[in-house]
């Protein structure tokens, strides 16, 4: 089939139950129906296929997007897409991995304008998971979900509508500042433990003289992250609040994919579960990054 926005829209809607007759509606309704099933618009899908050099089957891609967006079970997927449960399971994992591999192309920390002081905002996103039965430990406990979970670090550009950085997963109980430093829950003191921190952590990526903006969880690294304090002027407080609002909008877009907002049920054992969840999280980050080019942060 010819690969363009109109054909992708028509084919995608047909796959989720909106045949040709039901597509004879206003464009806005068609887009809403499409995005409700796939999380992104048809123009974004055309761009993704182009960046994969047309090496991804459209139906398989749509099935994977639908799975990430709705997080349906294999039995439901089998009925909707006409494949066996095993084929559905293997296909969505494969395509999600293909999307994940686009992260290095789409999400990059820098280069930055030398005149900028504040590069962006930073925050941690918590995702709920099934219990880690092979590693029962309070470190997995997420207060937000009152159960097991994992945490990811996300940086959003201050001037442009784009994600600059993601890292994780780490156990949900990991403090934001500890995550930022690349430490562990028992190595929070910078002066004693900096030599043991992960050199790939965000702390070591921020150029000299540059900063991020964070919430109160990031107090303790004033040379790297600025947080709101009572002494700030009203103008500065408003600036920080608007910046953090952009970050929350990104977090909301990520969680609009049910694979991240619902309890993650896939994976056997700790390593396998973490690897699969990271694949899904980074795949969704890539999708949101593509979508930001079509729909800016404050447009939805």
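Given a cut-off of under 8 Å on Cα pairs at least six residues apart, what relative contact order in percent is computed for region 106-294?
Computed over region 106-294, the figure is 24 percent.
Cα centroid distance between region 197-246 and region 35-78, in Å?
Comparing the Cα centres of region 197-246 and region 35-78, I get a distance of 36 Å.
Rounded, prolate or oblate for region 1-88? Axes are the square roots of the Cα gyration tensor eigenvalues, ordered a ≥ b ≥ c, and the cut-off for rounded is a/c under 1.5.
Verdict is oblate for region 1-88.
Output the 0 to 90 degree angle, nearest 10, between the alpha-carbon long axis of helix 27-38 and the longest principal axis computed from the alpha carbons of the chain.
70
Below 8 Å, C-alpha to C-alpha, sequence gap of six or more: please give me the relative contact order for region 5-101 in percent.
Reported as a whole number, the value is 25 percent.
Rounded, prolate or oblate: pick one for region 142-300, where a ≥ b ≥ c are the square roots of the eigenvalues of its C-alpha gyration tensor, a/c under 1.5 means rounded, and failing that, prolate if a/b is larger than b/c, else oblate.
Oblate, because a/c is 1.5 or more while a/b does not exceed b/c.
Please tell me the relative contact order of region 194-300 in percent, rounded to the nearest whole number, where contacts are Cα pairs under 8 Å and at least six residues apart.
This gives 17 percent for region 194-300.
Can you compute the helix-only [θ] at 222 nm over the chain? Use -39500 (n - 2.57) per DSSP H run of at least 4 residues, normalise by all residues, nearest 500 deg cm²/dmol.
Mean residue ellipticity at 222 nm (helix-derived): -13500 deg cm²/dmol.
Mind running the shape call on region 56-199? Use the C-alpha gyration tensor, a ≥ b ≥ c as the square roots of the eigenvalues: rounded below 1.5 for a/c, prolate if a/b tops b/c, oblate otherwise.
Judged from the Cα gyration tensor, region 56-199 comes out oblate (a/c at least 1.5, b/c at or above a/b).
Distance between the C-alpha centers of region 129-145 and region 248-300? Whole Å please.
Region 129-145 and region 248-300 have Cα centres separated by 19 Å.
Using a 10 Å cut-off on Cβ atoms, rank the peptides 167-178, 17-28 from the highest mean neighbour count down.
Most protected by this proxy first, the peptides run 167-178, 17-28.
Every number here is computed from the coordinates shown, using simple stated rules; none is lab data. Computed from a predicted model, the values in this text were never measured in an experiment. Neighbour counts are summed over all protein chains in view; Cβ atoms, including those assigned to glycine, are modelled from backbone coordinates with ideal geometry.
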